[in-house]
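In what follows, a single structure is set out as structure tokens and then discussed.
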Amino acid sequence: MTLISSISGIRGTIGGDLGTSLTPDDIVRFTAAYGALIKNNKNNKTVVIGRDARISGKMVNNIVSGTLMAMGINVIDIGLSTTPTVEIAVTEENADGGIIITASHNPKQWNALKLLNEKGEFLNDAEGKEILKNSEEKNYNYAEVDELGKYSTKNNYYDIHIQKVLDLELVDVEAIKKANFKIVVDAVNSTGGTVIPKLLKALGVENIIELYCTPNGEFPHNPEPLPENLTELSAKVKSSNADLGITVDPDVDRLAFVKNDGEVFGEEYTLVSVADYILQNTKGNTVSNLSSTKALRDITEKHGCSYNASAVGEVNVVKMMKETNAVIGGEGNGGIIYPAIHYGRDSLVGVALFLTFLSKTGKNISELRSSYPEYYISKNKIQLTDKIDVNELLEKVKEKFKNQKINTIDGVKIEFDNEWVHLRKSNTEPIIRVYAESTSEAKSIELAKKIIKEIEKLF
């Protein structure tokens, strides 16, 4: 059993002992700590909540709602939803914050609370630390009976979200309709199974094959949209002679595609392709995190624009996007952030922009993918003992490779000619994450091995 509390929220496995997994007591404590932040800093004292389709979702939802109401905070429950839909609902409702009940790509035994501010964006470092402090010290109190919060529901936010996507200037419904795409959708039996087909129909796609689109929380395979988890989608695309496959994670903020030949498009290239389309129509800066593919920089510079890298984490990407006035950004895990609609990873936006682009190119999806620089990322980790000072170790790495281009905003990133290695300390376990990218899979693995050997010599 696992329980992890951090500045970005609380997550854990359902069932077990207090403090060792995500129990009702832990949910109350953390929700109340968030509620204290809302009560101290906000005026309306209203929070929007929504959840993915996990089996434990309704139970967690009830506890979160009751706790917020007990603190005198009004709750607007939009029910089964997606992370980006809740983000949009927060600003539409002029709420003081939002809570998304989802463990994102984790298996079904997990659940979590993702916490939003009044802009529908994830909390910053200071706010997250305040919540952790409130939770540990129980710095919160409950309302008297006449001051309890009110509970209400709204069930039309999929429609509102979809309409906002359709209203985007660079989404062309007629072009998508004319392309007459045949698309297979794998939504791992979560909320994407409702909203993605609904979006596709609104975009004029008539031939949709639904694979695991019943939102019952019974994930048929590991829900993270990685190649090894997409074998059934790949087979279905190929056997049905579809134009492409679309898959999302349980809370629909990560997006990946399968090509018409059944091979994966590559989640790193979701952002690359959408950015290519945006930059063809709107010149401006781009942002991704340090562990994302170099292909985004290549495409950005090809369009005569500037690329910037942020620390890992959506809140850091958004901060950098605002600082550099970026027109598109995101993360290499298939997360698209398009400020023209809101500052959050949004698979609905990604689908609409990608299909518009694909329909306008006159290419099939395999041809589009082959038009981009070829890079491969190898993801590894080094297990450490608690006695090793990871920060000191990373300083030694930085010194050893001081003649290379180094970025230290999040761990140590070492850049070579057409390769890079990013070393980061885990926030939750004694490991160093080692990501390496090169122009072939073999080269990226070899580069990672080389750097790991050098690190092992240092400790």
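Laboratory data are not the source of any read-out in this text; all were calculated from the coordinates shown. Only a predicted model underlies this, so the values are computations on that prediction, with no experimental measurement involved. Cβ atoms come from the backbone with ideal geometry, glycine included; neighbour counts cover every protein chain shown.
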query: Amide H to amide H, which residues 5 or more places from VAL264 or on other chains are under 5 Å from it, using H placed in the peptide plane?
result: LYS259
- request: For every other residue with a beta carbon closer than 12 angstrom to the beta carbon of VAL237, add +1 if it is Lys or Arg and -1 if Asp or Glu, then tell me the sum.
  value: -1
statement: Taking N as the residue count of the stretch 125-211, its alpha carbon Rg divided by 2.2 N^0.38 Å gives 1.77
message: If I take R0 = 60 Å and measure r between the Cβ atoms of LYS400 and LEU168 in this structure, what FRET efficiency does the formula 1/(1 + (r/R0)^6) give, to the nearest 0.05?
response: 0.80
query: lysines near LYS108 by alpha-carbon distance under 23 Å, same-chain residues fewer than 8 away left out - which ones?
result: LYS58
statement: Among THR82, GLY57, GLY72, the residue whose Cα sits farthest towards the positive end of the charge dipole of the stretch 1-99, when +1 is placed on the Cβ of each Lys and Arg and -1 on the Cβ of each Asp and Glu, is GLY72
message: Below 16 Å, Cα to Cα, which lysines can LYS164 reach? Residues fewer than 8 away in the same chain don't count.
response: LYS198, LYS201
- request: Would you mind computing Rg(Cα) / (2.2 N^0.38 Å) for the chain, counting N as its residues?
  value: 0.97
- prompt: From a point 7 Å beyond the Cα of ASN207 in the direction of its Cβ, which residues of the stretch 235-259 have a backbone N at a distance under 16 Å?
  reply: 236-246, 259
query: With +1 on each Lys and Arg Cβ and -1 on each Asp and Glu Cβ, how big is the dipole of the stretch 380-435 about its Cα centre, in debye rounded to the nearest 20?
result: 20 debye
- request: Beta carbons within 10 angstrom, averaged per residue: use that to sort the peptides 113-126, 88-101, 8-21, highest first.
  value: 88-101, 113-126, 8-21
Computed E for LYS150/ASN216 - FRET, C-beta separation, R0 22 angstrom, nearest 0.05: 0.15
field: If the convex hull is drawn through the Cα atoms of the stretch 177-219, its volume per residue in Å³
entry: 43 Å³
- prompt: Across the stretch 199-216, in residue order, what do the Karplus-derived ³J(HN,Hα) couplings come to in whole Hz, using 6.51 cos²θ - 1.76 cosθ + 1.60 with θ = phi - 60° and x for Gly and Pro?
  reply: 5, 4, 5, 5, 8, x, 7, 9, 9, 10, 9, 8, 10, 6, 10, 8, x, 10
- request: Beta carbons within 10 angstrom, averaged per residue: use that to sort the peptides 342-349, 353-360, highest first.
  value: 342-349, 353-360
field: In range of the label at LYS133: residues from the stretch 83-125 whose backbone nitrogen is under 17 Å from the point 7 Å along Cα→Cβ
entry: 123-125
- prompt: Based on Cα positions only, what radius of gyration and what Dmax would you give for the stretch 97-155, in angstroms?
  reply: 14.5, 41
statement: Relative contact order as a percentage, the stretch 311-414, C-alpha pairs under 8 Å and 6+ apart, gives 15 percent
query: Quick one: Karplus J couplings for the stretch 167-181, per residue in order, coefficients 6.51, -1.76, 1.60, θ = phi - 60°, nearest Hz, x for Gly and Pro?
result: 7, 5, 4, 8, 9, 10, 5, 5, 5, 5, 4, 5, 5, 6, 5
- line: Counting only DSSP loop positions in the stretch 246-303, the trypsin sites (Lys or Arg not before Pro) whose Cβ has at most 13 other Cβ atoms within 10 Å are LYS283
- prompt: Normalised by the residues of the stretch 376-458, what does the relative contact order come to in percent, with Cα pairs under 8 Å and at least six apart?
  reply: 36 percent
